[in-house]
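A short write-up of the structure that comes next.
The values are calculated or read from the model by the stated rules, or taken from the named source; none is laboratory data. No experiment lies behind these values; they were computed from the predicted model shown. Cβ: placed from backbone, ideal geometry, glycine included. Neighbour counts: every protein chain shown.
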Amino acid sequence: MKKDTRKSLEQLRRRAERALESTEFTDKSNVLGYVENYIHELQVNQIELEMQAEELRRTQDELMASRNEYAELYHKAPVGYLTITTKGMVEKVNNTFIEKLKVDPARILKKPLSRFIIEQDHSLFFTICQKAHHSPQLRSCELNFINQDNEIFSGRVDIMPIVNENTDEQQLILSIIDITEQKEAEQEKNRLERELVSTQKIDSIRRLAGGIAHNFNNILTSVIGNLEIIRQRELREKKETELVTNAYQSALKAADLGLMMLHYLGHNTAQVKTLDLEDSVKNLFGIYRRTVHGRLQMLYEPEDGPIYIQGDPVQIAQIVNNLTTNSVEAIGDSEGVVRIRLIQTIIKDGNAPLAYNGEKIRPGKYVCMEVSDTGGGMGKEVLEIVGTPFFTTKLAGRGLGISAVLGIVAAHGGYFMINSEPNQGTTASVYLPLFEPFLPEEAKKLEEHKDIAPVGKKVLCIDDDKNVRTVIRTILENLGCEVLEAEGGQSGIDVFAKHQDDIAFVLLDFVMPDLDGNLTLIELRKIRPDIPVLLVSAYLKDQLDKVFNEEKPDGFLQKPFDRNGFLSAIENLAMVSQERQ
């Protein structure tokens, strides 16, 4: 009730009391007039009271609407709001945070908020609350909360102290913003940045290793070429012949390793050729034996004599690498044995076993490469899914590689089997078809390479490695050719311009200090469009094919090469030259 209304009623009451005491009121002639005046005033006051009551109702409705609006904003805000005591007990909480915790409000009200914070963050939570209690300054931190389903989410927490108007006790208001997705995005960004740095490092290493392999193959070209020249001469003693032959065979093995390194570093296509599997596995096994710890015994048990297959050397090496790595890691730091065996076998209809994929091995002659270990082994459940892509029992990024082995073996017409039991070790077997060459390829080439070079014609060799040019010059001069040499692209162009009519074909390196092979070839063809050109490079052919767009070489010879490979490439080039004449 308003103050003016109360004052009016009090005045009205006093006047009534005075009237009772007055003689005038007893005068009946004045009674009616007094009564009418009092009734009028009462009616006015009644109207005033009704108007005041209506205003109070409207004010109350506005307050209720405002309160409901505040409550709706409070509970539906995208931010969690809590009011806690200085001891961390929850006094008030909005629906947003309750939904994040996935709990009934009764399970959080009047309960410690620390119940819903992971244990590792308790110390931080209590410390920040203590600081907020003693200072009006806004405090912020990041806490990890755990909900009813044991799911963890991250929140940025802002804490501000307040005083409860009813109890005069200090409380803390918390606003909690879910930053889980933001942190996950930051982690993903950091992971991608680390991967980028790692990729850049790997790319740098690949380029460095590729350059080393290129120079290594250049050196081996000189070594192999000179050893072949010496082998063709009569040596004074048998011992000398054996020493040169051993050096030559070692150089060929080194050349295979260099080529394998380039295959791993580049983007190559499969190159199927005749392989001595016994020799290939022995070389790889020797490398592995020098990388394992002393308590791990590595055994290699091949059969006598060469074992020929048709396959890609890099992919065969990958099979050996994957299976051997699995066996070594299965033993770990403990004592144990890894054994590789090569067994020639004949599969017949009656004894054909089943491969890993359930397929029956087709009858025929095979070599079985068996890789076994004395590691912990695997159960039946693991064996059934071990060939699944990306499956691993190791750390992330270190899979068993069986899926890759299955693909390579299938591409070579072979079969894969694996047997293992817990605490009994594992044996993986790869069956590859045997290949029986009727005549060694090298012997065929020696018979076929006769009078393939145009005697008396000039051949231009453009290569920045003097030793490589010397080997090429010696082989061609023995065939009756006159060899012109140039140590770079520009000097090669100058020599060619001077002798263009007499030059039968050009041998061209790719990597040179001034002009590379691509630019040099373009300039050579401008001078003489029909000149046959053989690209001789330590890089892989598929890596160079994309470089030569405007002009294409007529042949490719991979460094390092032996005499037979060189003669075969020259023979093909001579045929191109004859066709263009």
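Within region 159-191, the residues that satisfy the criterion of being at pLDDT 85 or above and hydrophobic (A, V, I, L, M, F, W, C) are Ile159, Met160, Ile162, Leu172, Ile173, Leu174, Ile176, Ile177, Ile179, Ala185.
Could you please let me know if Ile475 is β-branched (Val, Ile, Thr), modelled with pLDDT of 90 or more and assigned by TED's automatic domain parsing to the domain that holds Val547? No: the conditions fail for Ile475.
Quick check on region 468-485. Is at least one of its residues hydroxyl-bearing (Ser, Thr, Tyr), under 19 Å from Phe566 (Cβ atoms) and not in a loop (DSSP other than H, G, I, E, B)? Outline the logic, then answer.
Just the residues of region 468-485 that are hydroxyl-bearing (Ser, Thr, Tyr), to begin with: 470, 474.
If we keep only those that are under 19 Å from Phe566 (Cβ atoms) too, we end up with 470, 474.
Okay, now just the ones that are also not in a loop (DSSP other than H, G, I, E, B), so 470, 474.
Yes, some residue in region 468-485 is hydroxyl-bearing (Ser, Thr, Tyr), under 19 Å from Phe566 (Cβ atoms) and not in a loop (DSSP other than H, G, I, E, B).
Within region 91-111, the set of residues being closer than 16 Å to Pro161 by Cβ and surrounded by 17 or more Cβ atoms within 10 Å (Cβ to Cβ) is empty. Among residues of region 283-323 being within 26 Å of the chain's Cα centre (by Cα) and of a type in the set (Ser, Thr, Tyr), the one that is nearest to Glu370 (Cα to Cα) is Tyr288.
Out of Ala132, Ala106, I need the residue that is closer than 25 Å to Leu73 by Cβ, touching a Pro at 6+ places or on another chain (Cβ under 6 Å), modelled with pLDDT under 90 and not hydroxyl-bearing (Ser, Thr, Tyr). Which one? Explain how you work it out, then say what you get.
Details: Ala106 fails: touching a Pro at 6+ places or on another chain (Cβ under 6 Å).
Only one candidate passes the filter, namely Ala132.
If you go through region 348-362 and keep only what is in a helix (DSSP H, G or I) and not polar (S, T, N, Q), you end up with Asp349, Gly350. Sort out which residues of region 507-533 are crowded, with 24+ Cβ neighbours inside 10 Å and more than 19 Å from Lys546 (Cβ to Cβ), and write them in order of number. Once the filter is applied, which keeps residues that are crowded, with 24+ Cβ neighbours inside 10 Å and more than 19 Å from Lys546 (Cβ to Cβ), region 507-533 yields Leu507, Leu524. Checking each residue in region 304-318 for being β-branched (Val, Ile, Thr) and assigned to a helix (DSSP H, G or I) picks out Val314, Ile316.
Every condition in (1) surrounded by 14 or more Cβ atoms within 10 Å (Cβ to Cβ); (2) in contact with a strand residue (DSSP E or B) (Cβ under 7 Å, 6 or more places away or on another chain); (3) among the small types (Gly, Ala, Ser) is met by Ser114 except one, and the failing one is (2).
Considering region 278-305, the residues that are over 16 Å from Arg341 (Cβ atoms) and touching a residue at least 12 places away in the same chain (Cβ under 8 Å) include one that is surrounded by the most Cβ atoms within 10 Å (Cβ to Cβ), namely Leu296.
Remark: Val328 falls outside the filter, which requires a residue to be modelled with pLDDT of 85 or more, touching a Leu at 6+ places or on another chain (Cβ under 9 Å) and part of a strand (DSSP E or B).
Taking each residue of region 35-47 that is modelled with pLDDT under 80 and looking for partners that are of a type in the set (S, T, N, Q) with beta-carbon atoms closer than 9 Å, six or more apart or interchain, yields Glu41/Ser8; Val44/Ser8; Asn45/Thr5; Asn45/Ser8.
Within region 341-366, the residues that satisfy the criterion of being more than 35 Å from the chain's Cα centre (by Cα) and either closer than 29 Å to Tyr288 by Cα or among the aromatic types (Phe, Trp, Tyr) (or both) are Ile343, Gln344, Thr345, Lys365, Tyr366. Taking each residue of region 76-92 that is touching a residue at least 24 places away in the same chain (Cβ under 8 Å) and part of a strand (DSSP E or B) and looking for partners that are crowded, with 17+ Cβ neighbours inside 10 Å and of a type in the set (Gly, Ala, Ser) with beta-carbon atoms closer than 8 Å, six or more apart or interchain, yields Gly80/Gly155; Gly80/Ser175; Tyr81/Ser175. If you go through region 131-161 and keep only what is surrounded by fewer than 16 Cβ atoms within 10 Å (Cβ to Cβ), farther than 19 Å from Ile98 by Cα and either in contact (Cβ under 8 Å) with a residue 24 or more places away in the chain or in contact with a Gly (Cβ under 6 Å, 6 or more places away or on another chain) (or both), you end up with Ser135, Pro136, Met160.
Quick one: would you say Glu193 is surrounded by fewer than 16 Cβ atoms within 10 Å (Cβ to Cβ) and under 39 Å from the mean Cα position of the chain (by Cα)? Answer is yes for this residue.
Got a sec? Which of Asn549, Asn564 is farther than 12 Å from Leu460 by Cβ, outside any loop (DSSP other than H, G, I, E, B) and among the polar types (S, T, N, Q)? After applying the criteria, what remains is Asn564. Within region 534-546, the set of residues being modelled with pLDDT of 80 or more, touching a Gly at 6+ places or on another chain (Cβ under 8 Å) and either in a loop (DSSP other than H, G, I, E, B) or not hydroxyl-bearing (Ser, Thr, Tyr) (or both) comprises Leu534, Leu535.
For Asp494, state whether it is at pLDDT 85 or above, in the same structural domain as Gly565 (by TED's automatic domain parsing) and either β-branched (Val, Ile, Thr) or not in a helix (DSSP H, G or I) (or both). Before you say what the answer is, go through the steps one by one.
Numbers: at pLDDT 85 or above: yes; in the same structural domain as Gly565 (by TED's automatic domain parsing): yes; either β-branched (Val, Ile, Thr) or not in a helix (DSSP H, G or I) (or both): no.
Here the answer is no, as Asp494 does not meet what is asked.
Rundown of residues vs (1) at pLDDT 85 or above; (2) in a loop (DSSP other than H, G, I, E, B); (3) not polar (S, T, N, Q), yes/no style:
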site: Leu342; (1), (2), (3): yes, no, yes
site: Ile346; (1), (2), (3): yes, no, yes
site: Ser372; (1), (2), (3): yes, no, no
site: Val382; (1), (2), (3): no, no, yes
site: Thr388; (1), (2), (3): no, yes, no
site: Gly407; (1), (2), (3): no, no, yes
site: Ala410; (1), (2), (3): no, no, yes
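Looking only at residues of region 417-464 that are modelled with pLDDT of 85 or more, part of a loop (DSSP other than H, G, I, E, B) and charged (D, E, K, R), we find that the one that is farthest from Thr345 (Cα to Cα) is Asp464.
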